[in-house]
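First the structure, in the form of structure tokens, and then the observations on it.
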Amino acid sequence: MGDLAPGIAPNLRAGGLVMRQRIVRIGELVENPAPTFESITPAKGPNDGQVFISALTGTGFQPDAVVLLNRTGYANIVATNITVVNQTFINCTLNLTGRAIGDWNVVIVNLADGKAGGRHNAFTITPLLPVPGFTANPVRGTAPLMVQFSDHSANNPTLWSWDFGDGSVVTGSNQQNPVHTYNEPGVYTVYLTVFNSAGESLTPATGVITVVLTPVANFTAEPVSGTAPLLVQFTDISDGSPTRWFWRFGDGTTSREKNPYHLYEKPGLYTVVLTVYNRFGSDTTIRKDIIEVRPVPVASFTANRTSGTSPLSVKFTDTSSGSPTSWFWKFGDSGSSMQQNPVYVFENTGTYSVQLTASNGDGTSTETKHGYIVVGDIMRADFDFTTSNPENTAPLTVAFMDRSSGRPDTYTWRFGDGFMGTGRNPIHTYTRPGTYDITLTIRGPSGIDSITKTIEVKSLLRADFVGEPTTGSAPLTVTFSDISIGTAVTRNWIIIEYAEPQVPVSIVLIENGPKNLVYTFNTPGTYEVWLEIEGESGAYSSKERPDYIHVLPFP
């Protein structure tokens, strides 16, 4: 075996795990011969996985034989799944993943006695088989059609063989990217087979070339993107010598020029369609979304509140159009932010102008809202009022006086009788008795507030009456008529007879009497009459008429 694998056998037998096999024949020590190597199938494999060795032949293979590849400067590759079929035949598996490309020694070692045999450079680790791939430009056109083929094969091919489908085949190490001319109309299938040191590609790559007599529509556009308004030059590069052109620019406009200019005024993605004609026919090409017209950003924003008391926290929301990518806010009090939707706290009272600058790669826009944020003191609604008479009887005129704090801008009064007012200190007249809720609502820089107070307007009650007749002989019947002002709920009539001044002789009390009382005086004398009335709200009034009725003796 020479120096094929110095030290291999001792390493495999290290630690005394394997003892030398001895065959004893009639007291004599007999040793097995060293294994020999004849062939290995396959004799090569790529370094991207496992290779099954279907046949390793030679002589002297023992049941414990080990198969390995070795190469100076590299770790051994020890086979797995070794099956020693007999002393001349072994199969096994070699894991070549990531191993060095090139020739390796094949070594067989009988573990029992450490004897080894093999051969130099008997197995070759190859690179991966090449995987063919290519592109062609153009793949359709008018005869004669010159096509540029571009190789994109994997795993480093070194030889290329092209079958162009029209009877032409080229092969060579210099044929990586050939140019071929198709002179006749037709549909041609192209085959590419590639080679490297590992061998030939298992399956060729294919492509189709279509050669026609009719024109083949094609064009370029410059520029294909930009901000609105965008002026684009379209250039016809159609094959087949077209004589007429029809362009559709995707925004509803068309052209019949060969190389038109077109102005896109609005942002968007535009699909352009070109149809070309010659005497053999026509062709159409559609370029979906080929033109991108981007908007310049237009800054705009909103806030979740624009007024309140300090400290006032405001969330600003960017509503800019045109897809800005950066933002810069100025809040009017030396504060700023670069967030898209910042939350900012205004610590001091005042009126602030807010500015947003929105930018992207196409431009910048600024919006300023003057006096947008108003930070004020706490709003507190309050008021006093005075009435036109101390009894608060209707009709009652009331003067209201604002006592609110927080610098309100507007005042809204609801007087409780269906009427409203907007002045700061209004005057209002209640024409009817009742209980009224007066509400003042104020609005100002720091918000809104309201307060409600109640006023009672009482009925006007003034007792009065007349009697008829007031003089006559006994028995004298007198009708007393209530002519009071206001609405009386109850009436008490009082009739007092005096024998002399300040000395009453009799008192007659008629409680809850009628509005018009008929009373007969049977005794001559002078009588004082009273009327007491009480209203719904508890108001009280009385009227007395002294020496009112004079009853004379009967003649």
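Separation of segment 196-238 and segment 259-287, taken as the distance between their Cα centroids, equals 15 angstrom. Residue order for VAL147, VAL505, VAL518, fewest other beta carbons within 10 angstrom first, comes to VAL518, VAL505, VAL147. Under 20 Å from a label point set 7 Å out along the Cα-to-Cβ vector of ASP409, the amide N atoms of segment 352-369 belong to 352-355, 368-369. Under conditions of 10 °C and 1.306 mPa s, segment 301-376 yields 127 µm² s⁻¹ as its translational diffusion coefficient, taking Rh as the Kirkwood radius over Cα pairs in the Stokes-Einstein equation.
Over every Cα atom in segment 134-212, the radius of gyration and the widest Cα-Cα span, Dmax, amount to 12.5, 40 Å.
Using the Cα atoms of segment 375-503 to build a convex hull, what is its mean projected area in square nanometres? Directional mean of the projected Cα hull area for segment 375-503 stands at 11.7 nm². How are the alpha carbon pair distances in segment 444-506 distributed across 5 Å bins from zero to the largest one, expressed in percent? Spelled out bin by bin, segment 444-506 gives 4, 10, 12, 14, 13, 10, 7, 5, 4, 4, 4, 3, 3, 3, 3, 1, 0 percent. About its Cα centre, the chain has a charge dipole of approximately 2360 debye under the convention of +1 per Lys or Arg Cβ and -1 per Asp or Glu Cβ, with nothing else charged.
Note on ASP417 and SER282: their simple-model spin labels are 8.5 nm apart, each label 7 Å out from Cα toward Cβ. Computed from the alpha carbon positions, the gyration tensor of segment 465-552 leads to an equivalent ellipsoid with semi-axes of 24, 14, 10 Å, biggest first.
Residues GLU544, GLU532, GLU292, GLU511 in ascending order of nearby Cβ atoms (within 10 Å, fewest first): GLU511, GLU544, GLU292, GLU532. By the rule of a C-alpha distance below 14 Å, with chain neighbours fewer than 8 residues away ignored, the aspartates and glutamates paired with LYS458 are GLU391, GLU534, GLU536.
Note on segment 383-457: Kirkwood radius taken over Cα pairs, Stokes-Einstein applied at 37 °C and 0.692 mPa s, translational D equal to 259 µm² s⁻¹. Here the simple spin-label model places points 7 Å from the Cα toward Cβ, and for SER323 and GLN175 these points are separated by 4.7 nm.
Can you grab the distance from the C-alpha centre of segment 32-72 to the C-alpha centre of segment 389-436, Å, no decimals? After rounding, the separation between the Cα centres reads 114 Å. Over the chain, the Kirkwood radius and the radius of gyration, each from Cα atoms, give a ratio Rg/Rh of 1.54. Projecting the Cα positions of GLY73, LEU96, PHE521 onto the charge dipole of the chain (unit charges on Cβ atoms of Lys, Arg, Asp and Glu, taken about the Cα centre) puts GLY73 furthest along the positive direction. If amide hydrogens are placed 1.01 Å from N in the peptide plane, which non-local residues have theirs closer than 5 Å to the one on SER388? It is THR397, by chain and number. Note that segment 219-294, at 25 °C in a medium of 0.890 mPa s, gets a Stokes-Einstein diffusion coefficient of 196 µm²/s from its Kirkwood radius over C-alpha pairs.
When LYS288, LYS115 are arranged by Cβ crowding within 10 Å, least crowded first, meaning fewest neighbours, the order is LYS288, LYS115. Candidates ASN341, VAL187, GLY434 compared by Cα position along the dipole of the chain: farthest toward the positive end lies VAL187, with charges placed on Cβ. Ranked from largest, the principal axis spans of the Cα set of segment 302-427 equal 77, 27, 17 Å. Each helix, a run of at least 4 DSSP H residues, gives -39500 (n - 2.57); summed and divided by the residues of the chain, these come to 0 deg cm²/dmol at 222 nm.
Selection among GLY467, SER446, ILE485 by position relative to the dipole of segment 437-516 gives SER446 as farthest towards the positive end (Cβ unit charges, Cα centre).
Alpha carbon centre of segment 305-335 versus segment 470-497: separation in Å? A separation of 81 Å, based on Cα centres.
No lab work stands behind these numbers, since they all come straight from the coordinates. The shown structure was predicted, so the numbers you read here are calculated from the model rather than taken from an experiment. Note that we place each Cβ from the backbone using ideal geometry, even for glycine, and neighbour counts take in every protein chain shown.
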